[in-house]
Amino acid sequence: MTSKNTICLWFDGTALDAATFYAKTFPDSTVVAVHHAPGDYPSGKKGDVLTVEFTVMGIPCLGLNGGPMFQHSEAFSFQVATDDQAETDRLWNAIVGNGGEESACGWCKDKWGLSWQITPRILTAAISNPDRAAAKRAFEAMMEMGKIDIAGIEAALKG
């Protein structure tokens, strides 16, 4: 990888599966390289996939098959800005429908435990609206949602 800063994500033997899913699901994403272990290591054997270089929407990542010791948490997430409901639905459904789980306010987790915020641009604009009453209505509407419903956010803005 040529990037000076790369996100390293820890997996329990599934880094290639995750990277392949991300590359198929998100635009400007690809599996760059797969590296096999030159010798045995605590959670694998010589020849196993040790690391996977990939990008997620242009962000360089390294998947490390480090074993079960560390799990993903909501303290780290990818936030994906979507342009419309169709894109929001496609990404949300791809993550949740592939063994993931729904959460609140546009958050979901993939089957590897990585958190994603599928955030329509209209939501970001709505909660920062200079009309603070409209922003509050949009924020309150969002707080009641799992997957973000753009029509619901727009209706809340209007009052």
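Regarding PHE21, is this residue open to solvent by 20 Å² or more (accessible area, probe 1.4 Å) and outside the structural domain of GLU154 (by the TED database)?
yes
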### Query
surrounded by fewer than 16 Cβ atoms within 10 Å (Cβ to Cβ) and touching a Phe, Trp or Tyr at 6+ places or on another chain (Cβ under 7 Å), is that true of PHE70?
yes
### Tally of residues being touching a Ser or Thr at 6+ places or on another chain (Cβ under 8 Å) and of a type in the set (Lys, Arg) across region 10-69
0
## Note on the structure
Inside region 48-64, the number of residues satisfying the requirement of being open to solvent by 40 Å² or more (accessible area, probe 1.4 Å) and closer than 10 Å to HIS36 by Cβ is 2
### Task
Would you mind finding the one in THR119, THR51, THR82, THR88 that is polar (S, T, N, Q), closer than 29 Å to LEU16 by Cα and assigned by the TED database to the domain that holds ALA19?
THR51
### Message
Whether any residue in region 127-136 is within 21 Å of ALA19 (Cβ to Cβ), open to solvent by 40 Å² or more (accessible area, probe 1.4 Å) and not assigned by the TED database to the domain that holds PRO42 is what I want to check.
### Response
no
### Pick from region 137-159, criterion small (Gly, Ala, Ser) and either in a loop (DSSP other than H, G, I, E, B) or touching a residue at least 12 places away in the same chain (Cβ under 8 Å) (or both), ranking: surrounded by the most Cβ atoms within 10 Å (Cβ to Cβ)
ALA138
## Note on the structure
Within region 18-64, residues in contact with a strand residue (DSSP E or B) (Cβ under 9 Å, 6 or more places away or on another chain), without any contact (Cβ under 8 Å) to a residue 12 or more places away in the chain and closer than 22 Å to GLY97 by Cβ come out as THR20
### Summary
Scanning region 103-126 for residues that are surrounded by fewer than 17 Cβ atoms within 10 Å (Cβ to Cβ), touching a strand residue (DSSP E or B) at 6+ places or on another chain (Cβ under 9 Å) and either aromatic (Phe, Trp, Tyr) or part of a helix (DSSP H, G or I) (or both) gives ARG121, THR124
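The values are calculated or read from the model by the stated rules, or taken from the named source; none is laboratory data. All of these numbers come straight from a predicted model, not from anything done at the bench. Positions of Cβ are backbone-derived with ideal geometry, glycine not excepted, and every protein chain shown enters the neighbour counts. Surface areas here come from the heavy atoms of the whole protein model, side chains and all, with no ligands, DNA or RNA. Shrake-Rupley method; radii C 1.70, N 1.55, O 1.52, S 1.80 Å.
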